[in-house]
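Structure record follows, encoded as C-alpha cells.
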Amino acid sequence: MPAIQVAGLNKTFNRTNRALVDIHLTVEAGEMVALIGASGSGKSTLIRHIAGLVAADRGNAGGRILIDGVPIQQGGQVSPGARKVRATLGVVFQQFNLVERMSVMTNVLTGFLGQITAIRGTLGLFSKAEKLAALEALDRVGIAQTAAQRASTLSGGQQQRAAIARALVQGAEVILADEPIASLDPASSKRVMDTLAKINCEDGKTVLVSLHQVDYAARYCPRTVALRAGEIVYDGPSTNLTPDLLRDLYSSECDELLAHHQSEESVDLEAQLASQIPATMAATA
Amino acid sequence: MTSIVDNRARTLELPKPELKRSITNVLAWGLFVVILMWSWEGADMRPMELIRDSGNMVQYLYGFFPPNFTEWEIYAQEMLITIQLAVWGTALAVVCSIPCGILSAENIAPWWICQPMRRAMDAARAINEIVFAMLFVVAVGLGPFAGVLALWIHTTGILAKLFSEAVEAIDPSPVEGIRATGATRLEEVVFGVIPQVLPLWISYSLYRFESNVRSATVLGIVGAGGIGMILWEVIRGFQYAETAAIVIIIVVSVSILDVISQRLRKLVI
C-alpha cells in the first residue's frame, strides 16, 4: 500500500489563484522523495494539504489524499479522523514551529500527544518511558545535551533537528518536511538533510521533503517531483534533472533553483551539477 | 555640464501648508472649546469660590493635622483585610479569565462562541465594581466577601479582554506544529498557545492586582469590607485627624504593593 496517495487535488485561493492544479502523486513506503520548485510553485501548499492542515477545493475538485490507505481529506473536507492520521504523520516545517518558551524536551514530548489519552496529554503527564524515548530521539539527532534548554536558545539547525526528534517520537511512518533547510546555513542544512536521510535509510520511514534548491534534491533523494505554478511538471529519477531539463521546465525561474551553486562558489554551475549527480548515485545506491 | 548647472539653479521649497488641513485643525479646536463651555453649567463649575472662600478651605485642612494614629492597629488590620480581599478577588478573576479569555479570542474560538463571550465580558467590565459591591452586599451580607465577589466579576471582564488580545497576537506556527502531532484542540491551546502568552498574562494579572487593591480601599464605603468601612465612618464623624491617618496608611500600602508588583512584572517579561 502506498504511504502517500494524492489524487485529483485542486486548490484555488481567492477564487482565481490556482495554487494546485490536478495533482496526482503516489509515494511508496520507504521512499525518499524531493519536491522541488521555485517560490510560489505550490510546494508548501501541497505539503500542508497532505498533512491535513489545509482543506482543498470543495466538491469533486478537492480530490483526495490517503496516508497509508486512510483518508486525511477528501472532497475539500478534512476527514473527521484526521487527528488520528496526523498522529502517524511527522511534519517538519521551514520555521521549525517549536514552542520557543518550552524546553526542548517538552517540545519533543508533544510528539506523543496524538498517542496518549487526552486527559494525560492536556495535563502534560508524560510517563518516564516517554521521557526516555524523547531523550533517545534527541540523541539520535545529536542534540541530547540541549534537552533541558529552552527551544529559543538553540541555533536554527538545532531547532530543526529538535523538530525532527518530535516527528520521530510520534513513531510516524511518513515524514513530511516543508522546506526544512530554507532558513539554515549550508553546514546546518547538511546535518538536517543527513538526519532525514538517516531516518529514511535506517528506519525505513517514508520521507517527502520540499526543497528550494535542486542540488540537495539530487544529493539526497533518488526521486524528484518538480512543481511549476501548481502543476507537476516532472516526476522521476533525480539523476535525469540536468540543467538543460530544468531550463526547459522552468525557463526564467531556473536561476532561482540553481542559485545555490552560484552563491557557494563561482564554478560553472553546469560543470558542478554534472559532477554531483554521479556522486549522488553512488551515495544512494 | 548642464546637469550640474541645473542642480545649482534648483532651490528647495517647503511644502505649502494645506488649506484643507488647517481649516480642519481650527474646526477641531473650536469644537473642543464649545464642548468645554457646554459642560460648564452641568459640571457646576465655581472656580471663584475656591479663591473667595480659601480661608475656609485652609481651616478645613488644618483639621487633618496632625494625623491621629492612636488606633493604628485597627487601621493596619483593616488595610490587611483590604489587601486580602484584593488577593482573592484577583485570584478568582485570573482563574475565570483563562477560559473566558481564550474563548473570546477570534483565532481560537468560532464566532458563535467568541461573540457572546465577548459581550458577556463587556457587561462584566462595563459595570463598576462599586455597583457590583452594592448588589452583593444585599445578596451575601455586609463584609469583605461581598467585596471579593464584586472584584471577581469586574476583574474577570477586564482580564478576559486583555488575555484574549494576547492570544490573538500569538505566532500561529507553533500551534500548527502541535496540531501536526495529532493533538486535540485543548492540547493545542495548552502546549501551543499558553506558553506563548504566559508572560503577558502574568504581567496583566499583577497589574490588575495593583488596581484591585486601590479599588478595594473604597469598596468598604458601600459596606463591602476593608479599610473603606472605617474611612467612611471617620469622614462622616468629622474625625479629620483619623481620616488623615487612614489616608496615609492607604497611600503607603498601595505604593509599596505597586513597587513590589512592578518588580515582579519586570521579572516575567
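Nothing in this text is a laboratory measurement; each read-out follows from the coordinates by a stated rule. Every value quoted in this text rests on a predicted model; they were computed, and no experiment measured them. Note: ideal-geometry Cβ built from the backbone for every residue, glycine included; neighbour counts use all protein chains shown.
For the protein assembly as shown, what is the calculated [θ] at 222 nm in deg cm²/dmol (nearest 500), taking -39500 (n - 2.57) for each run of four or more DSSP H residues and dividing by its residue count? It lands at -18500 deg cm²/dmol.
A straight line joining the Cα centroids of region B:207-255 and region A:79-93 runs 58 Å.
Counts of other chain beta carbons within 10 angstrom of each beta carbon in peptide A:106-112 average 4.
Model label points for B:Val34 and A:Ser127, set 7 angstrom from Cα along the Cα-to-Cβ axis, are 7.6 nm apart.
Region B:15-80 and region A:111-150 have Cα centres lying 61 Å from one another. Could you list the chymotrypsin sites (Phe, Trp or Tyr not before Pro) in region B:19-49 that lie in coil according to DSSP, counting only those with at most 10 other Cβ atoms within 10 Å of their Cβ? Taking region B:19-49 and a limit of 10 other Cβ atoms within 10 Å, no loop chymotrypsin sites (Phe, Trp or Tyr not before Pro) are found.
For chain A, a Gaussian network of Cα nodes joined below 10 Å ranks A:Ile175, A:Ile232, A:Ile119 by mean-square fluctuation, and the top entry is A:Ile119.
Given a Förster distance of 41 Å, report the FRET efficiency between B:Asn107 and B:Ile235 from their Cβ-Cβ distance, rounded to the nearest 0.05. Efficiency computed from Cβ-Cβ geometry: 0.25. Mean partner shielding of peptide B:167-180, defined as the number of other chain Cβ atoms within 10 Å of each residue Cβ, is 6. Site-free segments of chain B were taken between GluC sites (Glu not before Pro) in DSSP loops having at most 16 other Cβ atoms within 10 Å, sites themselves excluded; the longest one is B:107-269. In percent, rounded to a whole number, the relative contact order of chain B is 25, using alpha-carbon pairs under 8 Å and six or more apart. Of the cross-linked pairs A:Lys43/A:Lys128; A:Lys43/A:Lys198; A:Lys11/A:Lys131; A:Lys128/B:Lys266; A:Lys84/B:Lys161; A:Lys84/A:Lys190, those separated by over 28 Å at the C-alpha level are A:Lys43/A:Lys128; A:Lys11/A:Lys131; A:Lys128/B:Lys266; A:Lys84/B:Lys161; A:Lys84/A:Lys190.
Extending 7 Å from Cα along the Cβ direction at B:Thr70 and again at B:Asp171 yields two label points whose distance is 6.5 nm. As a ratio to 2.2 N^0.38 Å, the alpha-carbon radius of gyration for region B:72-268 is 1.19.
One equal scatterer on each Cα of region A:44-113, no solvent, Debye formula: the resulting log10 I(q)/I(0) at q = 0.13, 0.20, 0.24, 0.27 Å⁻¹ is -0.43, -0.84, -1.04, -1.17. From the alpha carbon centroid of region B:125-195 to that of region A:208-227 is 48 Å. Between B:Glu49 and B:Val268, the simple label model (points 7 Å from Cα in the Cβ direction) yields a spacing of 4.6 nm. Applying 1/(1 + (r/R0)^6) with r as the Cβ-Cβ distance of A:Thr153 and A:Thr117 and R0 = 41 angstrom yields a FRET efficiency of 0.85. Within chain A, the ratio Rg/Rh, alpha carbon atoms throughout and Rh by Kirkwood, equals 0.97.
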